[in-house]
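Working notes, beginning with the structure itself.
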């Protein structure tokens, strides 16, 4: 990497700084795609294990086709890939994100694909996408969903637990103010009001009082990634800290043996409140299966469920969180 990402803070930006509470499903999908294109020798141990399992699943021709389609738009090590692929609505879950992706305006498709073509040759089919082909855009959205469901959802509980642990470790520094939290964000280095990190090209992100949403990522393993368009809400994705607890170690297997793999996955996914449907989507299970697991966990005092408007939200209880931490 020959460039540097510089994030410029003003005093008011610290009032609008957000640290994502959970993993972002769309960012994780594209960053996992990049892991597949990376030599195992260049990956952390936990990602090497995931890459090996994912490669075995790639025998499926539909899954290989989805990977090729997404790789054409967002290859690993590209200095830029279109921002419309990772909409801000992904903070609300995969369904919201893909709804926004499918509704991307034609003018934005054309502008961002033209920008991508400045850095690398694009395959011919992207000209139809740039002209606003809705069916083709739908295929892109379907490819993201298929990739996530087949390759990431089986490990989503570990992804979520690792991201939650990363966030908690950062917030332990909050007594020292937000600058103390920023000082924990490896590979960033803070120079007064500017955060710097290696990047494919020299880039200045001017926050201008808007703040920034910082998103810890399980599959991001080298440099952070930032939304490129300065008109969009600032988002920066950075690699999580990798500890023994975040790599699928003995406590994870023990919890799976105690509760069962599916049930322990549901409990680990409840690091933040979620609906039954959202859990089913994250974990690649049917809603009825998730509902059954939730009943057992609720009866054991590990999960609490309450109605919020038209939805029922589930969250791990103190007992459930204690079990996860043991």
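The values are calculated or read from the model by the stated rules, or taken from the named source; none is laboratory data. Everything quoted here is computed from the prediction, not taken from an experiment. Ideal geometry is used to build each Cβ from the backbone, glycine not excepted, and the neighbour counts take in all protein chains shown.
Would you point out which residue out of 78, 65, 96 is outside the structural domain of residue 195 (by TED's automatic domain parsing), assigned to a helix (DSSP H, G or I) and modelled with pLDDT under 95?
Working: 78 fails: assigned to a helix (DSSP H, G or I); 65 fails: modelled with pLDDT under 95.
Criteria check complete, one pass: 96.
Test residue 151 against the criterion of being within 30 Å of residue 264 (Cβ to Cβ), surrounded by 15 or more Cβ atoms within 10 Å (Cβ to Cβ) and modelled with pLDDT of 90 or more, and give yes or no. Walk me through how you get there before you give the answer.
On the way: within 30 Å of residue 264 (Cβ to Cβ): yes; surrounded by 15 or more Cβ atoms within 10 Å (Cβ to Cβ): yes; modelled with pLDDT of 90 or more: yes.
Considered against the rule, which asks whether it is within 30 Å of residue 264 (Cβ to Cβ), surrounded by 15 or more Cβ atoms within 10 Å (Cβ to Cβ) and modelled with pLDDT of 90 or more, residue 151 comes out as yes.
Please go through region 305-319 and pick out each residue that is closer than 16 Å to residue 263 by Cβ and at pLDDT 80 or above. Please lay out each step first, then the result.
Initially, region 305-319 is screened for residues closer than 16 Å to residue 263 by Cβ, giving 305, 314-317, 319.
Hits for region 305-319 are 305, 314, 315, 316, 317.
Just give me the residues in region 122-178 being more than 30 Å from residue 108 (Cα to Cα) and part of a loop (DSSP other than H, G, I, E, B), in sequence order.
First, pick out the residues of region 122-178 that are more than 30 Å from residue 108 (Cα to Cα): 154-178.
172, 173, 177 - these are the residues of region 122-178 that are more than 30 Å from residue 108 (Cα to Cα) and part of a loop (DSSP other than H, G, I, E, B).
Looking only at region 274-314, count every residue that is farther than 21 Å from residue 148 by Cα and outside any helix (DSSP H, G or I) and tell me the total.
Matching residues across region 274-314 total 15.
Of the residues 104, 55, only one is loosely packed, with under 15 Cβ neighbours inside 10 Å and out of contact with any strand residue (DSSP E or B) (no Cβ under 8 Å at 6 or more places or on another chain); which? Let's see the steps before the verdict.
Values: 104 fails: loosely packed, with under 15 Cβ neighbours inside 10 Å.
Exactly one of 104, 55 is loosely packed, with under 15 Cβ neighbours inside 10 Å and out of contact with any strand residue (DSSP E or B) (no Cβ under 8 Å at 6 or more places or on another chain), namely 55.
May I ask you to verify whether residue 199 is touching a residue at least 24 places away in the same chain (Cβ under 8 Å) and within 30 Å of residue 267 (Cα to Cα)? Walk me through how you get there before you give the answer.
Numbers: touching a residue at least 24 places away in the same chain (Cβ under 8 Å): yes; within 30 Å of residue 267 (Cα to Cα): no.
Taking the combined requirement at face value, the residue does not satisfy it.
Take region 233-256 and flag every residue that is out of contact with any strand residue (DSSP E or B) (no Cβ under 9 Å at 6 or more places or on another chain) and either surrounded by 17 or more Cβ atoms within 10 Å (Cβ to Cβ) or at pLDDT 95 or above (or both). Can you show your working first?
Start the filter on region 233-256 by keeping residues that are out of contact with any strand residue (DSSP E or B) (no Cβ under 9 Å at 6 or more places or on another chain), which leaves 242-256.
The answer is 246, 248, 252, 255, 256.
Just one of 91, 66 is surrounded by 13 or more Cβ atoms within 10 Å (Cβ to Cβ), within 17 Å of the chain's Cα centre (by Cα) and closer than 16 Å to residue 144 by Cα; which is it? Spell out how you get there, then give the answer.
Details: 66 fails: within 17 Å of the chain's Cα centre (by Cα).
Criteria check complete, one pass: 91.
Among all residue pairs at least 6 apart or on different chains, which show Cβ distances below 8 Å where the first residue, located in region 164-177, is assigned by TED's automatic domain parsing to the domain that holds residue 271 and the second is surrounded by fewer than 11 Cβ atoms within 10 Å (Cβ to Cβ) and part of a loop (DSSP other than H, G, I, E, B)?
Listed pairs, sorted by first residue: none to list.
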